[in-house]
Amino acid sequence: MSISQKRPTFSVIIAVYNNVQNLQRCIDSFSSQSYDSKELIVIDGKSTDGTVDIIVNNKEKIAYWESERDRGIYHAFNKGVSHAKGEWIIFLGSDDYFYNSDVLKNVVEQLALAQHCDAGIVYGKVAIISKEYEILQIVNQTWDKSKCNFLQFNNIYHQGVFQHRSIFHSKGFFDETFKIAGDYEFLLRELKDNTPYFLDDIIISCMKIGGVSSSPENYIEVYKEFYKARIKNKVKGFPLALLWLFLTAHVRLIVRKILGNSVSNQITDFYRKLTARALLWTRL
């Protein structure tokens, strides 16, 4: 696989279900992009709250859309890929949106620098935001800082990842038996043996905290799926970091049950402060 010398086309795939409050912002962040070689695909899970009306009102901006019941987010992503024509594909949730209007233009300029490494995965930073759209944390790091932990659990947010379409032909689509961590399993297939290209100076998108995989109630299931992905892809080594996350998730859920959500968030952020990380859970 080699990166094209021509102006690449981007396919932006949005999966949505009953999110009338946020979908328009996501679509607007696409249509405002200064780079013009792009297409938008919206896969709706048969929403009933007015989401479809937003899609219809924006149909001139959308290359393909549908509103049908699906088997989960990775089924929706797979349907989007089957209709995508772009060379590079990025997946957004309907709560997400591009950081600014020059994201795709800036990525294209960096892709020219990535040609020598023949990377099928190119990723940048993601801004974690609050309900008030305040930036709480910037995530996604260089591969040399991320690789060790990535082979145990997902530390690359898909809202900042561009997948070359050839990977879907060579490695297959998303495994729909995963309900929360299918994006990790897909990336693991490629990155267990290959090196991605990191866009160090570009924030790709903004992501609201509180999605399925970031909900404390689902941490245990998330980590189980991380382990399942490792087994499926025959990743060697004992996942000590993943075990630690699994244990701390149990502790946090117990604290939440006994002391409540507010106290649990305070304790979690106190630990983050001790480990020199930005406060997060008390700022939601």
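The fraction of Cα-Cα pairs per 10 angstrom bin, counted from 0 for segment 191-284, comes to 13, 34, 36, 16, 1 percent, rounded to whole percents.
Counting only DSSP beta bridges with both residues in segment 118-268, the antiparallel share comes to about 45 percent. Amide H contacts for TYR197 (H built 1.01 Å from N in the peptide plane; partners 5 or more residues away or on another chain; cut-off under 5 Å): ILE121, VAL122, TYR123.
The Cα trace of segment 1-90 gives Rg and Dmax of 13.4, 44 Å, the first to one decimal, the second as a whole number. Beta bridges per DSSP, both residues in the chain: antiparallel share near 30 percent.
A protection proxy built from the mean count of other Cβ atoms within 10 Å ranks the segments 253-264, 39-50, most packed first, as 39-50, 253-264.
If you take all C-alpha pairs in the chain, what percent of them are over 34 Å apart? Result: 18 percent of Cα pairs exceed 34 Å. For ILE202, the amide hydrogen comes within under 5 Å of the amide hydrogens of LYS125, counting only partners 5 or more places away or on other chains and with H modelled in the peptide plane. Amide H contacts for LYS208 (H built 1.01 Å from N in the peptide plane; partners 5 or more residues away or on another chain; cut-off under 5 Å): ILE129.
Working note: Karplus 6.51/-1.76/1.60 with θ = phi - 60° gives segment 18-25 the couplings 6, 9, 4, 6, 10, 4, 4, 4 Hz, where Gly and Pro are set to x.
Our Cα-only numbers for segment 238-284 put the radius of gyration and Dmax at 11.5, 34 Å. Backbone phi angles across segment 117-125, fed through the Karplus curve with coefficients 6.51, -1.76 and 1.60 (θ = phi - 60°), yield HN-Hα couplings of 9, 6, 7, x, 10, 10, 9, x, 7 Hz in residue order; Gly and Pro are listed as x.
In a Gaussian network model over the chain where Cα atoms closer than 10 Å are linked, find which of VAL81, VAL251, VAL16 has the largest mean-square fluctuation. Comparing VAL81, VAL251, VAL16 in a Gaussian network model of the chain, the most mobile one is VAL251.
Add -39500 (n - 2.57) for each DSSP H run of 4 or more in the chain, then divide by its residues: what number comes out at 222 nm, to the nearest 500 deg cm²/dmol? Walk me through the numbers before you get to the answer.
Details: 10 runs with 111 residues, N = 284.
Roughly -12000 deg cm²/dmol at 222 nm, from the helical runs in the chain.
Directionally averaged projected area (segment 35-88, Cα convex hull): 4.2 nm². Return the loop-located trypsin sites (Lys or Arg not before Pro) in segment 67-100 (DSSP other than H, G, I, E, B) with at most 16 other Cβ atoms within 10 Å of their own Cβ; answer none if there are none. Those that pass, being in a loop and sparsely packed, are ARG69, ARG71, LYS85. Taking θ as phi - 60° and the Karplus parameters 6.51, -1.76 and 1.60, the scalar couplings of segment 28-33 work out to 4, 5, 6, 5, 7, 5 Hz in sequence order, x denoting glycine and proline.
We did not get these values from a lab; they are worked out from the coordinates using the rules stated. The structure presented is a predicted model; accordingly, all values stated were derived computationally and were not measured. Glycine gets a Cβ as well: all are built from the backbone with ideal geometry, and neighbour counts include every protein chain shown.
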